[in-house]
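Notes follow once the structure below has been shown.
The values are calculated or read from the model by the stated rules, or taken from the named source; none is laboratory data. Not measured: the values here are computed from a predicted model. Ideal geometry is used to build each Cβ from the backbone, glycine not excepted, and the neighbour counts take in all protein chains shown.
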Amino acid sequence: MVDRRLIENFDWWILLVFFAIILVGLVALYSALYQQIQASATNNLFIRQVAWLLMGLVCFVGFLMIDYQKLKHFSLWSYLAVVLLLLLVPVVGTEVNGAKRWLSLAGVRFQPSEFMKLIIVLHLANYFSSHEIKTYPRLKEFVVPVLLTAIPVLLILLEPDLGTALMVLIAAMTLIYFIGIRLKFVLILLIVTLPMIWPVWNYALKPYQKERILILLSPERDPLGAGYHIRQSKIAIGSGKLWGKGFLNGTQTKLRFLPEKHTDFIFSVLAEEWGFLGCGLLLSLFAALVYLAFRVARRSKDRFGALLVIGMTGLILWQMVINIGMVLGMMPVVGIPLPFVSYGGSSLLTLCIAIGLIENVSMRRYVFHSR
Amino acid sequence: MMRSKTSQPGQAQTGRSDPDSLSDKLSRQILLANWEPTDEGLFQRQYLLLVGVLILILIIYVLRLWQLQILNGARYRYLSENNRVRLEEIPAPRGIIFDRHGIPLVENRPAYHLMLVREDVPDLDGTLEQVAAICGNAPDELRKIVEDNKATRSFVPLRLMADIDRDCLARLEARRLRLPGVFIRVEPRREYKFNGSAAHVIGYLSEVSEEELKKDEYKQYAAGESVGKIGVERGLEPYLHGKSGGRQVEVDAVGRRIRLLSETLPIPGRNLWLTIDAGLQRKVESILSDHIGAIVALDPKSGSILAMASSPTFDQERFVRGLKAKDWNEMSADPSHPLLNRAVNAAYPPGSTYKPIMELAGLQEGAINARSHLSCPGFFRFADRNYRCWKETGHGSVDPHRAIVESCDVFFYQLGMKLGVDRIARYAGLFGLGEKSGVELRPESPGLIPTSEWKKRAKGVAWQKGETISISIGQGFDLATPLQMAVAYAAIANGGTLWQPHVVGRIEGSHPEDVTEVGGRVRRKIPVAPEYFKMVQAALAGVVNEDRGTAKQIRMASIRIAGKTGTAQVVRMPDNVSRKLLARITKDQERDHAWFVSYAPAEDPAIVVSVLVEHGGHGSSTAAPLARQVIAAYIESEPNGPAQAEAAPVPASNHRPSSG
């Protein structure tokens, strides 16, 4: 029997914005994969993304049903399970382009690291909401959360998958920021790490390692790799002008000039075909989603719920900020996809679950169980 | 959800803002007793700061989009429609290979490839026909290349013709404006200064294969790149290869370059200086040219290989021009296996050249001493079988010196029985037999020195005592490469230092500081007393310089040579047939392999020469004269005393590159 208040408190606006972003994403992806779709109408990445989306919607509904409070009981176990999967990746993982990130289960490849994004939020939210921990915790109370974060981040870095490792780290940092970190801890951290940069840079790093970091910071140094992506991306975006070239009319992205156009650089496909207005629309939709999600977090009546929503929102928000910043040539090129838009099954599934959990907290904000 | 009793209900209350009545408050407090307090008030600051940052980021992004799409939109639209930015690879020149005196053995020359970008060609068939007419090719050949590459995308340049000649290049250049989509790509290619010389040491290049691309070693390689297949080209591939660069160019609608946008220069491969002496190498090759076999010359004071020849050799230029399947089949079906480096990758029974090692083992183990005398009646009887000496009449009473000088088989049969298979194997192992020498050339054969344990494992049967008799004279299961024998004799000549042989002396990069001197590495000091080495050295000198020595005919007035002949059985000798008879009845392919391993000058050895001639018959008649010619050629090339040419060896191993 579904409680009437559950329906009442369901945030229809979030669902609407979520669907709108998904729709914009499918339009952009269709265009980016148009050549593939024409080559084979039944076997292409677009169809696969739609299949993942349907699975994502099932997960979305599934994660609405369970009371999020019950997730607390699973958080430690699911954390341990995903860490175990991450440990399995170097042993039995599938290697693609020199990185071992995937596990294969019944013919379906998935990245355990993607699910770590969710699990780290869930488990840290659980940890921080235990009553022993006040807001603005003491330094020693950060030891456990730092370890909980460091272990998966290191495992993912070793795959190597800088982008996902970064996202797990950022999600954890968002929660730490919200639970409250005293300015003096931040200062201590800076005082300890900043003076180390100079000796590490001058003595510990080999020239090629330095070069890699410099390329990350200024892609122009690597005209054949990242620099080429950025230049092509800028041409694609700029050539969209105000109105864009129109659906399926992009030339820059239709041709091969833009590598990774269906994954990390999908935003430039949108920008080329839908122009400044299309980009504005997508940015507004993301802003609306973040606003609505934060409203859910502020209305939630317990710390766990609030932190869960904040963490999930943070995942979407920071991926969006980093991806678009990279495509616009304002941030280092790191492999982080644009949420809901870039091609990628595990990522899409993860994000659908994230939205499901946000709605979940929203629905149960006034529901008090007497046990 | 458990909530501890100590937490204060009041804290929960502060978060609520709409309490109406007292009862409402109370009931809420009771309900909240199962929940943690809300942190709404406390999170307020965090929200405000975060939302502020987000708004700032969004504004920056919108401004950036405005700048790109509105302010510069027209320029970018122009760029996207009228111009294209292309990525071109600049291949890295491979490292040059020099001999020890700096004479280039392998260099690079430019090769011109005719490339075609289908996307830029308005009339594909017409273009193919024109190109074919200019260069005198069959148009169908070109059409087939296009057909075969249908799956590759149309902007990827296809190589229509590789390494075209100058005439064709000139004619093409003159018509290039009328042939849109056609361009010439320049690529460095190998040029062998002495084609066929040191071919096995240098090796050859060929396109990286699909299986190789899957290996970690070739992770950085793209399909179509060249990799070294044998010799130092293979062994030092990571040093020679370099790193290709590339450039971003703006091209117009027909693919012509308009502007260079940015460029990364390739990093050339490192140059190699070999320890090979090109002059000596060619002399050694001509000395060996009438035979099938191998000659290795090395410096016993450093393990540097001065010359290494394997006959027959092969035409390296053939690989540069691109080996057709037919050529390849022809080469690999050749019964004389020209691609096989017989000095390193072919193992033969060492025959009597094994005897000095046996004798050193016997002396060190106390099985014999300088005054020992063993009798040789011409055969050794064991288990109802007669094991013959090469001299049917026998040597009579034989001491260790005479045993080597006259190469008495029966002496060593008896010594072998005293030592037993496993002690023999231990000493052979100390001299580097049965293990890879570690030279930079690959693949390398480890040879074989049997032990009783090996026999049990590999053959499933226990070691037979009679087999010990065979291995005592280097027959039976024993196998060694000409290089291994050279290294073992170098250790005898220098009094017990076993070197890791090497052909690379120096690796130099484009940066003046990027130079690595590769010294010899000592594998081990052989634990045999110096006086025993002296005894064996005297006996080896006797082989050439005493009147009863088996190689007395190669004696030279100018230099004292020391060495040992060897004859390796190819066909098992029937019990009751004499060797002389057998030699007469066997065919060429069944004749024995001839060995001669030597060093000179006997007093202060500067060069070790190991000669193997396949099916050459007797070591003394076939192999020894070749060794003599090599030593004579060496003295000619190093008139001021041979040792001076070599720099002091570097004993530590940390200067060696970790090849592979």
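Listing for the model above:
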{"item": "B:D327 vs. criteria within 24 Å of the chain's Cα centre (by Cα) and either modelled with pLDDT under 90 or within 14 Å of another protein chain (Cβ to nearest Cβ) (or both)", "result": "yes"}
{"item": "Answer residue from the stretch B:471-521, given it is hydroxyl-bearing (S, T, Y) and within 21 Å of the chain's Cα centre (by Cα) and is farthest from B:Y387 (Cα to Cα) among those", "result": "B:T516"}
{"item": "Filter result (surrounded by 17 or more Cβ atoms within 10 Å (Cβ to Cβ) and within 14 Å of chain A (Cβ to nearest Cβ)) within the stretch B:145-202", "result": "B:P157"}
{"item": "Residues that are touching a helix residue (DSSP H, G or I) at 6+ places or on another chain (Cβ under 7 Å) and exposed (fewer than 12 other Cβ atoms within 10 Å of the Cβ), drawn from the stretch A:88-113", "result": "none"}
{"item": "Selection from the stretch A:54-70 of residues that are in contact (Cβ under 8 Å) with a residue 60 or more places away in the chain and over 24 Å from A:F340 (Cα atoms)", "result": "A:D67, A:Q69"}
{"item": "Breaking point among (1) more than 21 Å from B:I59 (Cβ to Cβ); (2) over 16 Å from the mean Cα position of the chain (by Cα), for A:A271", "result": "(1)"}
{"item": "Qualifying residues in the stretch A:114-142 (those that are of a type in the set (G, A, S) and buried (at least 19 other Cβ atoms within 10 Å of the Cβ)) - the one farthest from A:L76 (Cα to Cα)", "result": "A:S129"}
{"item": "Looking only at the stretch A:316-338, and only at residues there that are part of a loop (DSSP other than H, G, I, E, B) and without any contact (Cβ under 8 Å) to a residue 60 or more places away in the chain, the one that is nearest to the other protein chains (Cβ to nearest Cβ)", "result": "A:M330"}
{"item": "Residue match in the stretch A:348-360 (condition: of a type in the set (S, T, Y) and either touching a Ser or Thr at 6+ places or on another chain (Cβ under 9 Å) or within 14 Å of chain B (Cβ to nearest Cβ) (or both))", "result": "no"}
{"item": "Residues satisfying the stated conditions in the stretch B:432-478, i.e. under 18 Å from B:N345 (Cα atoms) and buried (at least 22 other Cβ atoms within 10 Å of the Cβ)", "result": "B:G432, B:L433, B:S437, B:V439, B:E440, B:L441, B:G447, B:I449, B:D478"}
{"item": "Residue count for the stretch A:105-128, restricted to those that are modelled with pLDDT under 85, outside any loop (DSSP other than H, G, I, E, B) and not charged (D, E, K, R)", "result": "3"}
{"item": "Conditions (1) surrounded by 12 or more Cβ atoms within 10 Å (Cβ to Cβ); (2) farther than 26 Å from B:S310 by Cβ; (3) among the charged types (D, E, K, R); number of the one not met by B:K215", "result": "(1)"}
{"item": "Boolean, A:T135 is away from every other protein chain (no Cβ under 14 Å) and either in contact (Cβ under 8 Å) with a residue 60 or more places away in the chain or at negative phi (or both)", "result": "no"}
{"item": "So B:A111, is it out of contact with any Leu (no Cβ under 6 Å at 6 or more places or on another chain), more than 7 Å from chain A (Cβ to nearest Cβ) and without any contact (Cβ under 8 Å) to a residue 60 or more places away in the chain", "result": "no"}
{"item": "Residue within the stretch A:286-303 that is more than 8 Å from chain B (Cβ to nearest Cβ), within 22 Å of A:G238 (Cβ to Cβ) and assigned to a helix (DSSP H, G or I) present", "result": "yes"}
{"item": "Neighbours by Cβ (under 8 Å, 6+ apart or cross-chain): first from the stretch B:129-146, closer than 16 Å to B:L172 by Cβ; second assigned to a helix (DSSP H, G or I) and acidic (D, E)", "result": "B:A132/B:E141; B:P139/B:E129"}
{"item": "Extreme residue, nearest to B:Y354 (Cα to Cα), among residues of the stretch B:480-535 that are in a loop (DSSP other than H, G, I, E, B) and polar (S, T, N, Q)", "result": "B:T481"}
{"item": "Out of A:W52, A:W102, A:W77, sole residue that is closer than 23 Å to A:T164 by Cβ and modelled with pLDDT under 90", "result": "A:W102"}
{"item": "Boolean, A:L16 is surrounded by 12 or more Cβ atoms within 10 Å (Cβ to Cβ), modelled with pLDDT of 85 or more, more than 21 Å from A:Y291 (Cα to Cα) and out of contact with any His (no Cβ under 6 Å at 6 or more places or on another chain)", "result": "no"}
{"item": "Flag for A:W77 being away from every other protein chain (no Cβ under 14 Å), farther than 29 Å from A:V186 by Cβ, aromatic (F, W, Y) and loosely packed, with under 15 Cβ neighbours inside 10 Å", "result": "yes"}
{"item": "The stretch B:54-101: number of residues that are under 37 Å from the mean Cα position of the chain (by Cα) and facing another protein chain (nearest Cβ under 7 Å)", "result": "1"}
{"item": "Subset tally (residues that are at pLDDT below 90 and basic (K, R)) for the stretch B:78-106", "result": "2"}
